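Below is one structure, written out as structure tokens; the observations come after it.
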Amino acid sequence: MTRTAVVVGAGISGLSAALGLHRAGWRVTVLERVAAFGPVGAGLVLQANGLRCLDALGLGAAVRERGRADTSGGTRRADGRWLARVGPGELARVLGTPAIGVHRAALHEILLGALPHDVVVTGAEIHAVTADGHVTYQGPGGPVRASADLVVGADGIRSTVRGLLWPEAAAPTHIGVTAWRGVTPAWDGDLVVAISWDRGAEFGMVPLVDGRVYWFAAVNAAPGGPAGDERARVRDRFGDWHDPIPALVAATGTVLRDDLACLDEPLTTYVKGRVALVGDAAHPMTPNLGQGANQALEDAVVLASVAGRPDGLAAYDRQRRPRSQRVARASRAVGRFGQQLENPIAVAARDTVMRLTPPRLALRSMARYADWSPPPLG
Ligand SMILES: Cc1cc2nc3c(=O)[nH]c(=O)nc-3n(C[C@H](O)[C@H](O)[C@H](O)COP(=O)(O)OP(=O)(O)OC[C@H]3O[C@@H](n4cnc5c(N)ncnc54)[C@H](O)[C@@H]3O)c2cc1C
């Protein structure tokens, strides 16, 4: 008999989990609360581990075509001085594949396009779920009840599934950092992947395939504050940083803002009965290692590869929890050592260490979390 799965949420984790399960022969329904998909978010860096998962899902070539492979890059100071540099193709030589910068909308479109058109139900916000696989969501004509052999909670950092079935888990807490993201129109000028750091602030830029540039910025700040002219806020904070930062911000239309949060206490299991959590629902992490979506892709492929076994969900938890929580911890540590560091003496010491670190060692530490390969699917 065909096994059934309900996936809650159609972000990167939900769509990739749905695709993996569909390829493994499951009948899948994805319930997504938004009524229609718009151009999603800004950009994203997919690293070797995430790209290998996309290869396993049969989408690696399509995503690489819409992404731009890293050429060279590194870390700079706010005045533009380089602290660490990686030459063209060096990361690819270590990992066998380069990282790529891609627009989130392109990745989302590719994932969505790979699923049969009737799999994703939009405008379906779930508000109840049980460990034995029953889900209730709000349909156009009132509440709808669905049941499945497997429920996948892929509903993001403020996960309803986690809130209902993991009542013992504390909600994600703000880490004292606000981030902004934007994408410029086609950019005239040479540009490499770079992150620039100052005291308590960073600005990163990633060229995209069509000449546009994805950028992100972050500062130490208390959460909240009224939504306002976010572009003006970034301009005021980064207006005197090295070129082309002020021009990139000035050229950007929509600027997205997030008050960053993660779980202080990691979950003790990603599985309850027939329910498994994936992506940010399972392990919300800071973006400092650029691994959140890459880990979500790992979850998806591992889940699809084991879910059909009698002990499948236990195996999923065993394989995914230690690694994803290690990456989340490391990401937080990188944030504290990098963007969040404010003390001028500590910043000067960090910059010196970075300048003196041999490129080979810097490369190895960059490759450390990205060097992972998924199990075969199906
Ligand atoms: C500034 C910043 C930069 C980042 N950069 C990178 C990077 O370079 N590389 C990287 O790998 N990661 C990066 N990340 C992390 C990455 O964005 C996330 O880890 C990833 O998008 C998580 O995907 P997800 O599908 O788990 O969650 P989401 O993208 O949040 O998707 C959840 C989905 O569930 C839906 N949903 C929510 N509640 C319900 C409900 N009750 N019923 C039905 N549907 C529901 C939502 O509408 C949404 O569509 C970054 C994050 C930030 C903040």
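What follows is calculated from the coordinates using simple rules that are stated; it is not laboratory data. Since we're looking at a predicted model, the values are computed, not measured. So basically every Cβ, Gly included, is an ideal-geometry build from the backbone, and we count neighbours across all protein chains shown.
Count charges around Gly11 for me, please; just the other residues with Cβ under 9 Å from its Cβ, Lys/Arg as +1, Asp/Glu as -1.
Once positives and negatives cancel, what remains is -3.
Roughly how compact is the chain, stated as its Cα Rg over 2.2 N^0.38 Å to two decimals?
After normalising by residue count via 2.2 N^0.38 Å, the value is 0.98.
Using the reciprocal of the averaged 1/r over all distinct C-alpha pairs, how large is the Kirkwood radius of the range 122-237 in Å?
For the range 122-237, the Kirkwood estimate is 18.2 Å.
Of the chain, which part is the longest with no GluC sites (Glu not before Pro) in a loop (DSSP not H, G, I, E, B) and with at most 13 other C-beta atoms within 10 angstrom?
Result, exposed sites excluded: 169-341.
Take Ala333 and Val209, extend 7 Å from each Cα along the Cα→Cβ direction, and tell me the distance between the two endpoints in nm.
With each label placed 7 Å out from Cα toward Cβ, I get 3.5 nm.
Could you work out Rg/(2.2 N^0.38 Å) for the range 25-92, with Rg from alpha carbons only?
Working it through for the range 25-92, the quotient is 1.60.
Give me the one-decimal Kirkwood hydrodynamic radius in Å for the range 134-184, with the sum taken over alpha-carbon pairs.
The answer is 14.2 Å.
What FRET efficiency would be calculated for the residue pair Ala61, Ala92, taking the C-beta separation as r and a Förster radius of 25 Å, to the nearest 0.05?
Efficiency, rounded to the nearest 0.05: 0.95.
Could you work out the local net charge near Pro322, counting Lys and Arg as +1, Asp and Glu as -1, over the other residues with Cβ closer than 14 Å to its Cβ?
+3
Give me the extension gain from Ala171 to Thr122: residue separation times 0.36 nm, minus the current Cα-Cα distance, reported in nm with one decimal.
15.1 nm
Expressed as a fraction of 2.2 N^0.38 Å, the rule-of-thumb size for a compact globular protein of N residues, what is the C-alpha radius of gyration of the range 1-150?
For the range 1-150, the normalised Cα radius of gyration comes out at 1.30.
In square nanometres and to one decimal, what's the mean projected area of the convex hull around the Cα atoms of the range 256-317?
Averaged projected area of the range 256-317's Cα convex hull equals 5.0 nm².
In nm, to one decimal, how far is the Arg326 label point from the Arg364 one, both placed 7 Å along Cα→Cβ?
In this crude spin-label approximation the distance works out to 1.6 nm.
Once the piece of chain linking Glu265 and Thr136 is laid out straight, how much longer is it, given 0.36 nm per residue of separation minus the C-alpha distance between them?
Gain on extension, Glu265 to Thr136, equals 43.6 nm.
What do you get for trypsin sites (Lys or Arg not before Pro) in the range 250-285 restricted to DSSP loop and a cutoff of at most 10 other Cβ within 10 Å of the site's Cβ?
none
What's the local net charge at Ile175, with K and R +1, D and E -1, over the other residues with C-beta under 12 Å away?
-1
Using alpha carbons only, what's the Rg to Rh ratio of the range 230-339 with Rh from Kirkwood?
1.13
Between Ala348 and Ala36, take the C-beta separation as r, use R0 = 41 Å, and let me know the FRET efficiency to the nearest 0.05.
Result of the calculation: an efficiency of 0.25.
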